[in-house]
Every structure is written in structure tokens, then in C-alpha cells.
């Protein structure tokens, strides 16, 4: 290669002018260049300002230095132009002159060396003067120089620092458990989760008083306990229940409460140590730390740096990704996107934190936008889980402005903002630069508390002496207060039992005048009869029956008996060869034979002489056809398939959650019978007991109970959330524009006609996202064809999605320029020339230039045998005829139709629907999607919401349908009212 280059240089001949602009344009289009060397011996044809502007705009965002050499050039304008080019591109400037050697010293390298040599000589001269005692005014000038240098240093350099402040981090081993916020921790370790609330413990021994209407006395009577054997206790819903107090059970319960309180104390102690005292608990996997670097914190910069050091050492090692953003008047980030918390990255982040300086006010909104509107993270689909704001004052922007931005920016995501306020001693009397917005410490805390709670985050407030307020600790303290309250109520219940004891009365009522206790030898009262003994009335009835049986009966001959009239059947003849097979079969039949009616056994109840019955043997009947509510499971991982195939696996019918089928049991006969005494036909009474519902035009009895309907609603809500997450996935990243690419070898046809000029930049971003998000990740071989007035394929054939091919495709897509007509038919013909292609994705914003019928005819002729699927994408097209053409083309080729337009905002509606917990099944309303995948999934979501509303209406029927005992009660009330009217008349 060197020999060829040497030979090429020897063949160069001088001719024409010096067109430096053309040379730069050609060389800057070449790929993989680290630096460019420009050798110029004469004045360039172009102006120096034009050259500098072109180079600055071309290499913007990259680093390609231009090293410029003036070769034996006596024109000072040429030397000046080359120096400007070198400085604009961070390159170096060098001069060679055979006539004037002094020009060599104007080069970049030699000038830098001469400057350092001069500084060294000045230092040597001053040292020599000091040795000779010839200081004079030199000492004063040295002191002035030192003071000037000291003044240039930031004020934070003179702050006291802890030992080894600038040293390397000592990173702790990652914790074996995943830290949780106190709210999530209490879901597993709270009193309710451990079933240690007082009401859960007393529930088996708590009974609600019963109140029923007694027809005889014509009023409602409330039940009472015998001799007040139970204690009345107020329940959590305000009702009063009779509780049987077991002191042993309550003693064990109080011991368990004591153990839980000790656990909560250890939790609070853990939250108050190390970096958790400063930042709280970092719970999310992907976090961004926002550090307040306003000028008000200049005296506390070392404190801020030390706090961040503890955080890097103790809590970030077990996370998936992190980033740090410092903000004053402007915001600056440690890295442009989230980084993995390796040891090298953590050490590098600490070095960056050591170099931070305080300036300006608190532009929190700029830092928030930098964290949430990061294009690099969006390309990688890396969503920030938590933002931790570490500040000492109120932001420059109003709280309602910040809250509105956070609500819109985090729509469809689960990003939480946690605010951390560190209280400085001179907050209200701070001197120096005025803040962008003033507020006292109370107003600041209220503002930051609101910012944290609006996104479901936490608020943490501390100072050097300790924690002032923490949401995590507050929840634990509330749980401890509950435990203490429950323990006090237990003591009250035990005390109420002790008060009913005679020994307790003797000890506490010595001075009171009371009757003496009855001696044990005194005559006892009559013993109450046993519940199993017959009452006197029943004994008299039984004696009367026995007397009637013993009465004398007139004589009758034996021939008059009915048994004598019936002949005795002959005994069956037993065949010795067959044995007693017949008798065995008959016995087996008798054994298998089940009773046709139920057998009951009476028993005496504990209420005086009331008799109850219990079923002893049930008749044989058919097995119940009642359908149980299923518990389906839909995997969280998104499958790369169309909505049609996905719903065939996970639709409501496949998951057996179709409410019409669950409710559709056996049809009711609605039997009617003619009553002769009434001379009319009366319907069966049970038809009025069961609620009736209309299922697909048929009236059926609702056989699902309230708890079964609640269980069904829970399962439907779970499946509905999974459907909405699938819809969010379809509306995210490149799937929002192109849909889901399910084939493995595809060609993308991109319309770059003149009508695409307003949306071309958005289309370029979407194409880049498609290449990395779907082609590279799912290993899909692809090719891209640009069409307008002409056809330009990216590659001759479909290629594999390697890194080199993807990068080259991104560069090629970035060069799209919209112009010309729309040659759709020619682009489709070019795509069909590829022999091994599974699908074609056509993206356009309008109808083709040729006739649509011609397009249909040509495509049908080419694709009838091959059967290649053609998926059409309507990109911001409002022409209904064009959308109809694309819809028909995809249907003809067994493809899918997808439409994207500027006003489509499905993410916000889905987010609101998830946040509402489906309390209102009619609001919010999902937008109408015309895309095939989105339309099918939205229809299934609406069906699930319809079933949910229908189930809730069914539950309301149980409240409006009167029960049999309620009907009897109303009948008795009507009879009582009628009797009262008769008495008055």
C-alpha cells in the first residue's frame, strides 16, 4: 500500500486552481476516518469563513480533527485560513517556510513549547533574584500573583473535607435481598399480612346480634346473650359485636404483637443508618440521581459530594443501570444515557462528582427533561424507574408546572420521583446569590412533598443531626401505633372478663354494702330440664296414643286379614350348576339401589323444646352442571405474533371467562299450574326467588352467587390489565409506526415523495428504531427500498442484521431527501423480484400515481402463486380513498393494515384506564384504532369491560331481589297493618 501511495504521489502534476471545498466534501463523506491532514501551498479558491462554517457544520457531533500545514506559503491570508480550520476542528496548525524561518514558530506545537519555556525562565529569574536579595517590588508582585490565583479557585476548595475524601470508592458487596419501600415491605410483614390485626384474631369468636320481626308481638326483637356471657366490642366498621373473650388466646396474641414491634424497631434502625439516612432506600432497578448544584449550596458542596459517595458505595452496586445529573442554572449529566453500575463506572462517576462546582439557581425542570426525554434511553427501551431529587431548596419553576410535566412525561410508564430535602442551618438567612424563587423551609418541604407524592414517590427530609421526616419511617411508626392500640384493647377485654369474676368484686368492693353470698349448703333452685327430654305436653300426647292402642277392638276372623288374602309366592328354584347367581344379582341390585327421597332425623335444639331436622341420607340425583370461575394465567413476556394469533390463545373465550357461558346454566321451565280454588294459573314460587337476567335474548335465572361474581371480576380485571399492557407494547417504540414484524425475511418500501417533507424527520427516527428494535433484536433479515419518482434499494438482496449492516442502514436512511412522485407499483415490482422474501411492508402517505385497479391487477398476477404477504402502513394520511386502497391491498395479499396519524394518543388513555382500577367501565374511552392488530385487541378489551359492567349489575340484582324470609316479613307487616286499621274502625 505504501509503494502504491508513493507512486501515486510521484504522478501528481500541478494544474488549475485550489478547490479546497471540493476536496473537503469528498473526503468527509468517507467512512471510518480518524483525522485529516490538509497541506496547502497557495490561497484557496473559497473564502476562509465559508470553509470554516462548512467544516463546523459537517463534523458537528463527531470528532474529526483537521491538521493544517502551510507548505512554503508566503500569503498571510492562507496561513490565517489554515489556522482557523485547525482551531474549528480541534486540530493542529504547522508552518514550513524555506525563506522565513521565523514563521515556523507560529505553529501550534512550537508555540505551546515556547510558552512553557518562557514560564520556566520567569520562575528561574525570580528564584535567582531571591537568592541575591534583589527582591524589591518582586515580593509584592509575587504575593499579588498568588492572591489572584487563589481568588480564581472556587470557594469549595477551602471547605474542610473528611479523611480520604478524594480517594477511590470502597464499594460494598451487593445485598442478597432486594430492598423495598416500607409500603411494599408492609404488604408482606404488616399486621394485616401476618393476620395479626385484632379483628382477624377475634373474628372466629365474634358474633353479630340478630334482629328479626316476631309476628306474634308485632315488632322486631334483637337477640341477647345468656346472662351477658359475651363482651360487646366495637368492630372496625362501627358495628357492635358480641365477642367471646379467651384470655389465653389474647395473651399469646400480645406476645406476637411484642415480637412484631421489635421487628419494626429493627426496620427503623436499619432505615436510619448509612446512606439510607441521607437518601432513603433506593428500590428501583434503573435510577437517576438529580443533585442540586445551585450557588446557595456552595458552602455545602463537600457535604453533598460525601453523601453521593456513600450512595455509590452502598446502594447502587446491585442496580441494573444508573446515571447522575447535576443542575444549577443548566443541567449536565455524567453520561448521555443509563450505564451499568460496574466498578469502573462507579469510580468514574465519583471522579466526575468531585469535579462539580456550584453556580446559578435551581433549574429543576431542565434536569427533569434531561432524565425523561433521553433519546438514547428510548432507543434502547431503557425506562427510568426512579428519579431521586437531592436538593436544599425550592425549584425555580412552580410546583403545578412541574407536576403537569411529570404527569405527561411519565404517561404509560412507571417512573417515580422521590424528593430528598437536606436542611441547611442558614436556610432562611443565606447570603450570596438570590434564588430563582424564595420560600421558607416549611413551604419548601410542602412543595417537595407534593412533587414526590404526585407520581407515587416518597419524601425524605433530614439534617446533620438526624432525620426530620421520612415516608418510609412514618409508615412503620403507624404500624407500631396500631400494634400498641390493639394491645390496649386486648387489656380492656381481659379486664372486662375479670370484672365479672366474684373474686374481683370482693377485692375491689370491700367498703360497699352488699348481700352476703349464698352458702353452698343452701337449698338449690330447680334444675332446668334437659333439652333431650320431652316436654309435659308431648308426654301427654304420647300417653293418649298408647291408651287408644290399648282399647278393645271387635273380633274379626283370621280370614279377614289382608295378609291372608295374599298368597305366599313360591321360593325360587336354585340351579345347582349355576349356583345362587340370581340371588346374588338381586342382592347387588338392592345394594346399588338408592333411595328416591331424602331421609331426615329430628333433634332437639338448645332453645327450649324446639325440634330441628338434619338430612341423614340424600336421594340420588344428577351431578350439578354449575360452572366454576377459572383462574387463567397469561404470560408476561410479549410474544412476537399478530393480535389475531395472540387472541386465539388468550382471548376471553379461550380463558373461559365468557360471562354469557358461565351464567348460561339449565333453562328454567317456569312451570305454571292451574289452581281450581282460585280458578287461575299460578307460576312457580321459586321463579320469584332467583334473580332473572337476559342472556342473548333468553331469560335465565342467575345461579352465580355474589362471592363467585366477585371472584370472576377479579380474574377479568387481571386479564384486562394484561390486555392493556399488550396494547401499550404495541403502541411503543417502532411498533407504533410499523406494527409488529413477525416474519424473518422482509423488505420495507419507504415513500420519499415530496408529500413526505413535513414528516421526513419523524420517519427517519422511526426507521432507525425499527432497525435496532425489531430487525437486530429479533434477528430479522431485511432490505430497505426508497421510492419516489425513481427506485433506490439499499442492498441488491436481503442481508442479515449484523452490526455493520445495521449501522450502514442507519447512515443510508439518514440521507433521505423527500422529492418527486409516488411510484408505488414500481416499488412493489422491485420487491417481488426478491425470490426468498416472506413479507413486504409498504409505508406511504397517499395513493399511487398509477391507477389503483392496475396496481391490484398487477400484484394479483405476480403474487397469486407465491403468496407473499403485503402489509400496508398509512403514515399520517387523512385521505380516505388512499386509506381504503391500502386496506384493500393488504386484505388481498393476506397482510395487515396499520395506520399512524399525528392525533393518535392511545398511551394516555391506556395509562388513565390502568390508574382508574376499572372503577368506571365506560370512562376513559379508548380511541378508535383502524390498525388491524390494535383494532382486534381493543375490541377484546371493550368486551372484557362489558363483561365487568354486566357482572357488577348482576351483583346489584341480589340487593334488589327479596329473599323468602324478607317476603314473609313483609307479609306479616301487611297483616299487622291491616289488623290495626280494623281495630280503629
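The values are calculated or read from the model by the stated rules, or taken from the named source; none is laboratory data. This is a predicted model, so every value here is computed, not measured. Ideal geometry is used to build each Cβ from the backbone, glycine not excepted, and the neighbour counts take in all protein chains shown.
Taking residues in the stretch 47-58 that are in the same structural domain as residue 88 (by TED's automatic domain parsing), and partners anywhere that are not in a helix (DSSP H, G or I), the pairs with Cβ atoms closer than 8 Å and at least 6 places apart or on different chains are 51/44; 55/66; 55/89; 56/89. Condition check for residue 928 on (1) surrounded by 12 or more Cβ atoms within 10 Å (Cβ to Cβ); (2) over 16 Å from the mean Cα position of the chain (by Cα); (3) at pLDDT 75 or above: one failure, at (1).
The condition of being in the same structural domain as residue 758 (by TED's automatic domain parsing) and surrounded by 14 or more Cβ atoms within 10 Å (Cβ to Cβ) holds for only one of 860, 831, 819, 804, that being 831. Within the stretch 706-730, the set of residues being crowded, with 19+ Cβ neighbours inside 10 Å and under 13 Å from residue 937 (Cα atoms) comprises 719, 720, 723, 724, 726, 727, 730. Of all residues in the stretch 194-234, those satisfying the criterion of being touching a helix residue (DSSP H, G or I) at 6+ places or on another chain (Cβ under 9 Å), free of Cβ contacts under 8 Å to residues at least 60 places away in the same chain and part of a loop (DSSP other than H, G, I, E, B) are 195, 230.
Taking the stretch 320-349 as the range and being part of a loop (DSSP other than H, G, I, E, B) and within 24 Å of residue 180 (Cβ to Cβ) as the test, the residues that pass are 320, 338, 340, 341.
Taken together, 269, 237 contain a single residue that is without any contact (Cβ under 8 Å) to a residue 12 or more places away in the chain, under 38 Å from the mean Cα position of the chain (by Cα) and farther than 30 Å from residue 317 by Cβ, which is 237.
Screening residue 66 with (1) surrounded by fewer than 16 Cβ atoms within 10 Å (Cβ to Cβ); (2) within 20 Å of residue 106 (Cβ to Cβ); (3) under 54 Å from the mean Cα position of the chain (by Cα) gives one miss only, at (1). Can we say residue 772 is within 25 Å of the chain's Cα centre (by Cα), in a helix (DSSP H, G or I) and assigned by TED's automatic domain parsing to the domain that holds residue 800? Considered against the rule, which asks whether it is within 25 Å of the chain's Cα centre (by Cα), in a helix (DSSP H, G or I) and assigned by TED's automatic domain parsing to the domain that holds residue 800, residue 772 comes out as yes.
Under the condition of being surrounded by 11 or more Cβ atoms within 10 Å (Cβ to Cβ) and over 52 Å from the mean Cα position of the chain (by Cα), the residues counted in the stretch 210-219 number 2.
Among the conditions (1) assigned to a loop (DSSP other than H, G, I, E, B); (2) buried (at least 20 other Cβ atoms within 10 Å of the Cβ); (3) at pLDDT below 90, residue 317 misses just one, which is (2).
Being in contact with a strand residue (DSSP E or B) (Cβ under 7 Å, 6 or more places away or on another chain) and over 18 Å from residue 837 (Cβ atoms) is the requirement here; does residue 802 meet it? No. Mind checking whether some residue in the stretch 813-822 is closer than 22 Å to residue 838 by Cα and within 42 Å of the chain's Cα centre (by Cα)? No, the conditions are met nowhere in the stretch 813-822. Of all residue pairs spaced 6 or more apart or on separate chains, none has beta-carbon atoms under 6 Å together with a first member in the stretch 698-711 that is on the phi > 0 side of the Ramachandran plot and at pLDDT 75 or above and a second member that is loosely packed, with under 12 Cβ neighbours inside 10 Å and not in a loop (DSSP other than H, G, I, E, B). Before we move on, is residue 857 out of contact with any helix residue (DSSP H, G or I) (no Cβ under 8 Å at 6 or more places or on another chain), farther than 21 Å from residue 753 by Cα and in contact (Cβ under 8 Å) with a residue 12 or more places away in the chain? Judged against the criteria, residue 857 is not a match. In this structure, residue 245 does satisfy being touching a strand residue (DSSP E or B) at 6+ places or on another chain (Cβ under 6 Å) and part of a loop (DSSP other than H, G, I, E, B).
Tally up the residues in the stretch 118-141 that are touching a helix residue (DSSP H, G or I) at 6+ places or on another chain (Cβ under 7 Å) and either assigned to a helix (DSSP H, G or I) or modelled with pLDDT of 85 or more (or both), please.
Looking only at the stretch 118-141, we keep the residues that are touching a helix residue (DSSP H, G or I) at 6+ places or on another chain (Cβ under 7 Å), and these are 126, 129, 135, 138.
Then drop every residue that is not either assigned to a helix (DSSP H, G or I) or modelled with pLDDT of 85 or more (or both), which leaves 126, 129, 138.
Residues that pass the stated criteria total 3.
None of 682, 742 is in a strand (DSSP E or B) and over 21 Å from residue 827 (Cβ atoms) except 682.
Of everything listed in (1) within 37 Å of the chain's Cα centre (by Cα); (2) more than 24 Å from residue 470 (Cα to Cα), the single unmet condition for residue 282 is (2).
Anything in the stretch 93-110 that is surrounded by fewer than 18 Cβ atoms within 10 Å (Cβ to Cβ) and within 60 Å of the chain's Cα centre (by Cα)? List them, or say none.
108, 109
Residues of the stretch 744-760 that are within 34 Å of the chain's Cα centre (by Cα) and buried (at least 23 other Cβ atoms within 10 Å of the Cβ): 746, 748.
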